[in-house]
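Asks: Supplied in structure tokens, the structure appears directly below.
The values are calculated or read from the model by the stated rules, or taken from the named source; none is laboratory data. Bear in mind the structure is a predicted one, so any value in this text is a computation, not a measurement. Counting neighbours? That spans all protein chains shown, and the Cβs are built from the backbone with ideal geometry, glycine included.
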């Protein structure tokens, strides 16, 4: 069963035939068929039609249990508050959600004495909306660390109608940006989501997959010419969250 789960991952999910799974695992067709049939009753496997299978709801339940505990809400708030205190900017945590299409959702934030009323248009698109991974630093650092087939799904999306003028519209330019992000470990957005605001983001990783991102946002006028200290603070927060994701019993 573990080999079959890995095969579904290698084949990028979706509906797979017994032959496809047998080829991916190196197991005989009869063995693959027997394991698949044994997984139907407990919900580990769904049979879509004759000869086609996909991972079932039990697999999703296992993943949800694993993700719900790493890291804890108290820990994320403490780390985001630390990022805000060190930089004076708004610190936000985004999580990747595949339900209804790949999106990022703001799950926690810290902006101290900043007045959300004064943030106005900033708070609306960044906190209350599900946002395309095509736009903004927080979306692109997640997108850069997703498997190629998932990236292609995002490339095929239309750019959100309310995207700011600074958003990257060309897919070739977007792909080149993702390569730079993987090399540098962070992304910078200049008035890309909200006019008047710049942002820095770094990925929160679980293994080689980005589960979310940490975003530091400030008014463009407050961003220094040298971003190196802000980048390091943002990356350090993301690294700590990634370490907790990989080893939730550690204390950071």
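Asks: Here is a list: 230, 244. Which entry is in contact with a helix residue (DSSP H, G or I) (Cβ under 7 Å, 6 or more places away or on another chain), at pLDDT 95 or above and not in a strand (DSSP E or B)?
Replies: 230
Asks: Okay, moving on. Run down 241, 215, 230, 174 and say which single residue is crowded, with 17+ Cβ neighbours inside 10 Å and either more than 21 Å from residue 135 (Cα to Cα) or outside the structural domain of residue 142 (by TED's automatic domain parsing) (or both).
Replies: 241
Rundown of residues vs (1) over 26 Å from residue 9 (Cβ atoms); (2) at pLDDT 90 or above; (3) in contact with a strand residue (DSSP E or B) (Cβ under 7 Å, 6 or more places away or on another chain), yes/no style:
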position	(1), (2), (3)
43	no, no, no
58	no, no, no
83	yes, yes, yes
87	yes, yes, yes
92	yes, yes, yes
97	no, no, yes
113	yes, no, no
117	yes, no, no
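Asks: Are there any helices (runs of 4 or more DSSP H) wholly within segment 136-225 with 3 or more residues that are over 15 Å from residue 94 (Cβ atoms) and touching a strand residue (DSSP E or B) at 6+ places or on another chain (Cβ under 7 Å), and if so which?
Replies: It comes to none.
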